[in-house]
Amino acid sequence: MKKLTYISLIAFLVIACNSEEKESLDRILESKNIEKIREKRKEINAQKLEINSKLDAIDEVLSELDTSKKIPLVSTLTLKNEAFNHFIELLGNVNTRDMLVLYPQFAGTLHHIAVKEGQYVKKGQILAKIDDGGLTQQLNQLKIQKPCQN
């Protein structure tokens, strides 16, 4: 029972001492005494400086240990002229103003376009060349063989 009384007495004193510090600041402010208020301000300012110096020491150690801050935010590259030799194959439709339909004589890959957009063309004019993959040679051979059969 004595131990419980001593423990409660010590706890009461600790609580009372902590509340006195808060009350002392409140009492000083209520007293309207300029000298006491200035002294208390100097005391609190000294505590503030001490805490700031501790924070600076902590920040310094953190900056040494933290490797993520050492990564540069901006990087540069030296540019040089190079040939851009890339191509792309696309499928698409060509719409004309007069809705003309053009058919090639042979199917194949478009090799060369002989006219530009907006250019006037005439009937029979070559508009483009198509790589037919050897179909022209086969047609020529058939034309040569046809007169021989007669």
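Nothing in this text is a laboratory measurement; each read-out follows from the coordinates by a stated rule. Source: prediction; values computed, not measured. Note: ideal-geometry Cβ built from the backbone for every residue, glycine included; neighbour counts use all protein chains shown.
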Worksheet item: Once you list every other residue whose beta carbon is under 12 Å from the beta carbon of residue 110, what net charge do they have if Lys and Arg are +1 and Asp and Glu are -1?
Response: -2
Worksheet entry | 15 Å beta-carbon shell around residue 56, net charge (K/R +1, D/E -1) | -2
Fill in: Karplus-derived HN-Hα couplings along region 110-119 (A = 6.51, B = -1.76, C = 1.60, θ = phi - 60°), whole Hz, x at Gly and Pro
5, 9, 8, 9, 8, 10, 10, 4, x, 6
Worksheet item: What per residue convex hull volume, in Å³, comes out for region 43-89 when only alpha-carbon positions are used?
Response: 158 Å³
Item to complete: Sort 97, 27 so the one with the fewest other Cβ atoms within 10 Å of its own Cβ comes first.
Response: 97, 27
Worksheet item: Suppose R0 equals 35 Å; then what is the FRET efficiency for residue 44 and residue 74 from their Cβ-Cβ distance, rounded to the nearest 0.05?
Response: 0.25
Worksheet entry | Nonlocal amide H pairs with residue 132, under 5 Å, H built at 1.01 Å | none
Practice prompt. Quickly work out the residue 65-to-residue 143 label distance, labels modelled 7 Å from Cα along the C-beta direction, and quote it in nm with one decimal.
Written response: 8.9 nm
Item to complete: Taking every pair of alpha-carbon atoms in region 24-119, give the share separated by more than 15 Å as a whole percent.
Response: 84 percent
Worksheet item: For 112, 86, what's the fewest-to-most ordering of other Cβ within 10 Å of each Cβ?
Response: 86, 112
